[in-house]
Amino acid sequence: MSETILEVQHLGKSFGTHEILRDIDFSVKPKDVTCIIGPSGSGKSTLLRCMNLLETPSSGEIRYHGTNIMDKHVNVPKYRSKVGMVFQNFNLFNNMTVLKNCTVGQEKVLKKSKEEAHKNAMMYLEKVGMAPYINAKPKQLSGGQKQRVAIAGIVAMKPKCIVLDEPTAMLDPLGRKDVLNVLHELNRQENVTVILITHYMEEVIDIDKLYVMDDGKLVMSGTPREIFSQVEKLKELRLDVPHVTELAYELQKEGVPLKNGILTSEEFTEELIRVRNEGFNVNNSR
């Protein structure tokens, strides 16, 4: 098996004379959670749509386990069953029940029997906490519930990878937390590789790899700690950092000797205790 599940090489995408993506190179390891962030208009959504062949790249290659998916011999529906996509607007069939939304893809694309599709759908609806709602229609659900159904429907297809385009953008804080918990649990328990876009920086502190886009290019890559240690550069790119990272950064500017890359409130508290125990006096810092 290839060391990467997906590899993007020199990818470009233009609409007419307007160049959206420019020479993109990155790879995703199996079982990782990878996130792409960037200011609005940087090309994030177009990149994900190219990776699922909802948009045709203008140049470059996208390789799935080493195979170029843009080759004319590739079975695109089969590839999409391995690399499923979840959108921020849920993409559920409003005239179908929750259960039917999670079985229709299995029956139509994977040619599973109704019985097998039902059993599989129920398993994943149970995992995402939506089993009690199998007879409900999407209009009867909250945003967070709809997104959990959409995720269950994709995972029931047994993909190796899920690609999510701002899956929490239309949700309230509780809904965002629920959806992220579902994704991390599926990643850990089902070994599903996750690739997502988000503009909520707190959502990416526990991921494996973080990429930053700007003006159609990848401009930064690393772990969340490596990226969020570069607060000034992120500010130049018009990006936020996690709230606790911002607070630590402002205290550093005031002379408090905190380490870089603080991501959680626990780390922040530990650092404040360390500074205090070492006898630092904030009143004498400037």
Take Lys78 and tell me if it is on the phi > 0 side of the Ramachandran plot, over 20 Å from the mean Cα position of the chain (by Cα) and open to solvent by 30 Å² or more (accessible area, probe 1.4 Å). no
Take the residues of the stretch 50-82 that are in a strand (DSSP E or B) and among the polar types (S, T, N, Q): which is farthest from Asp25 (Cα to Cα)? Thr67
What are the pairs, 6+ residues apart or on separate chains, where a residue within the stretch 164-190 that is at positive phi has its Cβ under 9 Å from a residue that is in a helix (DSSP H, G or I) and open to solvent by less than 60 Å² (accessible area, probe 1.4 Å)? Glu166/Lys44; Glu166/Ser45
Every residue from the stretch 212-223 that is of a type outside the set (Gly, Ala, Ser) and either crowded, with 22+ Cβ neighbours inside 10 Å or touching a Lys or Arg at 6+ places or on another chain (Cβ under 8 Å) (or both): Val212, Met213, Asp215, Lys217, Leu218, Met220, Thr223
Looking at the stretch 27-45, which of its residues are surrounded by 19 or more Cβ atoms within 10 Å (Cβ to Cβ) and in contact with a Lys or Arg (Cβ under 9 Å, 6 or more places away or on another chain)? Val28, Val33, Thr34, Cys35, Ile36, Ile37, Gly38, Ser42, Gly43
Val182 is checked against (1) among the β-branched types (Val, Ile, Thr); (2) at pLDDT 90 or above; (3) out of contact with any strand residue (DSSP E or B) (no Cβ under 7 Å at 6 or more places or on another chain) and fails just one. What number does that condition carry? (2)
Closer than 29 Å to Lys111 by Cα and surrounded by fewer than 19 Cβ atoms within 10 Å (Cβ to Cβ): does that describe Arg188? yes
It is to be established whether one or more residues within the stretch 256-264 are open to solvent by less than 30 Å² (accessible area, probe 1.4 Å), under 30 Å from Leu21 (Cα atoms) and at pLDDT 95 or above. no
Among residues belonging to the stretch 106-156 that are open to solvent by less than 10 Å² (accessible area, probe 1.4 Å) and outside any helix (DSSP H, G or I), point out the one that is nearest to Asn52 (Cα to Cα). Ala156
So Pro167 fits all but one of (1) open to solvent by less than 10 Å² (accessible area, probe 1.4 Å); (2) part of a strand (DSSP E or B); what number is the exception? (2)
So for the stretch 54-62 (the condition being closer than 25 Å to Ala156 by Cα and charged (D, E, K, R)), does at least one residue qualify? yes
Starting from the stretch 79-96, take each residue that is within 18 Å of Asn52 (Cα to Cα) and list its partners that are open to solvent by 60 Å² or more (accessible area, probe 1.4 Å) and part of a loop (DSSP other than H, G, I, E, B), counting only C-beta distances under 6 angstrom and pairs at least six apart or across chains. Ser81/Val109; Lys82/Lys160; Gln88/Met170
Suppose the filter is farther than 20 Å from Tyr211 by Cα and either surrounded by 22 or more Cβ atoms within 10 Å (Cβ to Cβ) or modelled with pLDDT of 95 or more (or both); does Thr97 pass it? yes
Within the stretch 7-49, restricting attention to residues that are hydroxyl-bearing (Ser, Thr, Tyr), in a strand (DSSP E or B) and out of contact with any Phe, Trp or Tyr (no Cβ under 8 Å at 6 or more places or on another chain), which residue is farthest from Lys235 (Cα to Cα)? Ser14
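The values are calculated or read from the model by the stated rules, or taken from the named source; none is laboratory data. What you are looking at is a predicted structure, and each value in this text was computed from that prediction instead of being measured. Reconstructed Cβ throughout: ideal geometry from the backbone, glycine too, with neighbour counts over all protein chains shown. Surface accessibility is based on the protein's heavy atoms, side chains included, excluding ligands, DNA and RNA. Shrake-Rupley method; radii C 1.70, N 1.55, O 1.52, S 1.80 Å.
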